[in-house]
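Worksheet: the structure to be examined is printed underneath.
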Amino acid sequence: MGRLDGKVALISGGSKGQGAAEARLFASEGAKVVLGDILDDEGKKVEAEINETGGDARYVHLDVTSEEQWDAAVSEAVDSYGKLDILVNNAGVLLRKGVEETSVEEWDRIQDINSKGVFLGVKAAIPVMREAGGGSIVNISSIAGLKGSTSTAYSSSKGLVRLLTKSTAVQYGPEGIRCNSVHPGIIETDMTEEMLDAPGREHWLGRTPLRMIATAQDVALGVLYLASDESRYVTGSELVIDGGITA
Ligand code: NAP
């Protein structure tokens, strides 16, 4: 028995990193998975790998800043698999700049992808989740969404995701739609490649009580819990997966 048997999931930013780990894990737990990203070649490889190993997945091109592409991705889930139970708003980009170094164009780009992209995903998913009688939305924020950081636009965008999550939980709980945020610390993916050069790695290991840098799978396992019915009484909550950094 898989922990997501009978479920249909849509994951944004699913071509690599945490999104790809979630797509593989969800499929191995019995979910049918639609993964969307702007990296088509990488996304099709993840799709093929899942389908060749006994899972069921479809890749769609999904730029999360486009309302039309969100509608098309949700339709793909419903047309292919009949419904949508789980949405993981995972796509995101990092900008490590302070207030004065951040241009208006850079600010807008980060908010467009990290904040508006999540809002559009939630908005597109709610009507079909309502039809299915409920659902689980998992929004990937960051520990940078819980406290200030030197990455101004990034922290601001991830803070918005935290309260968008709680607002969604409050508004749609009565319809059986849950919404939770996940706050990863330092995870080894392409996003953190520069941060985790040799001195950077030592710095972050020193700041992390568990003295480890997490893998994408460490986050995917937390997302799996929130996506599954095991968390049926959990909504509006913040799951911090950071090795103790914020502790
Ligand atoms: P990643 O490996 O860079 O994966 C992010 C994926 O999202 C990439 O495939 C990326 O494509 C894609 N993407 C970017 N813009 C998009 C758009 N407009 N529409 C659709 N997809 C888009 O990074 P990750 O570490 O897995 O990050 C996943 C999530 O975790 C992000 O929301 C990130 O902010 C959050 N997070 C990461 C860490 C960490 O330490 N890695 C910590 C806290 C939170 P491109 O490569 O072309 O940009």
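The values are calculated or read from the model by the stated rules, or taken from the named source; none is laboratory data. Keep in mind that this is a model prediction, so the values were computed, not measured. We place every Cβ from the backbone using ideal geometry, glycine too, and count neighbours over all the protein chains shown.
Here are the numbers for this structure:
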| item | result |
| --- | --- |
| Residue, nearest to GLU67 (Cα to Cα), within segment 106-123, restricted to residues that are of a type in the set (D, E, K, R) and away from the ligand (no atom under 11 Å from the Cβ) | LYS123 |
| Qualifying positions in segment 61-86 - among the small types (Gly, Ala, Ser), within 15 Å of the ligand (Cβ to nearest atom) and not in a helix (DSSP H, G or I) | SER66 |
| Within segment 19-41, tally of residues that are within 12 Å of the ligand (Cβ to nearest atom) and either within 19 Å of VAL138 (Cα to Cα) or within 17 Å of the chain's Cα centre (by Cα) (or both) | 10 |
| Top-ranked residue in segment 9-18 [being over 15 Å from ALA48 (Cα atoms) and either surrounded by fewer than 24 Cβ atoms within 10 Å (Cβ to Cβ) or among the small types (Gly, Ala, Ser) (or both); ranked as farthest from the ligand (Cβ to nearest atom)] | ALA9 |
| Segment 118-138, residues that are at pLDDT 95 or above, small (Gly, Ala, Ser) and assigned to a helix (DSSP H, G or I) | GLY121, ALA124, ALA125 |
| Residues being surrounded by fewer than 17 Cβ atoms within 10 Å (Cβ to Cβ), touching a residue at least 12 places away in the same chain (Cβ under 8 Å), closer than 15 Å to GLN18 by Cα and acidic (Asp, Glu) - total across segment 189-241 | 1 |
| Matching residues in segment 170-188 - criterion: being surrounded by 14 or more Cβ atoms within 10 Å (Cβ to Cβ), among the hydrophobic types (A, V, I, L, M, F, W, C) and more than 9 Å from the ligand (Cβ to nearest atom) | ILE177, CYS179 |
| Exclusive hit being buried (at least 19 other Cβ atoms within 10 Å of the Cβ) and more than 10 Å from the ligand (Cβ to nearest atom), set SER103, SER136, SER142 | SER136 |
| Residue selected from segment 141-179 under the condition over 23 Å from LEU94 (Cβ atoms) and without any contact (Cβ under 8 Å) to a residue 12 or more places away in the chain, by the criterion farthest from the chain's Cα centre (by Cα) | PRO174 |
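Rundown of residues vs (1) surrounded by 24 or more Cβ atoms within 10 Å (Cβ to Cβ); (2) on the phi < 0 side of the Ramachandran plot, yes/no style:
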{"site": "ASP5", "(1), (2)": "no, yes"}
{"site": "ALA21", "(1), (2)": "yes, yes"}
{"site": "ALA31", "(1), (2)": "yes, yes"}
{"site": "ILE38", "(1), (2)": "no, yes"}
{"site": "GLU49", "(1), (2)": "no, yes"}
{"site": "GLY54", "(1), (2)": "no, no"}
{"site": "VAL60", "(1), (2)": "no, yes"}
{"site": "GLU76", "(1), (2)": "no, yes"}
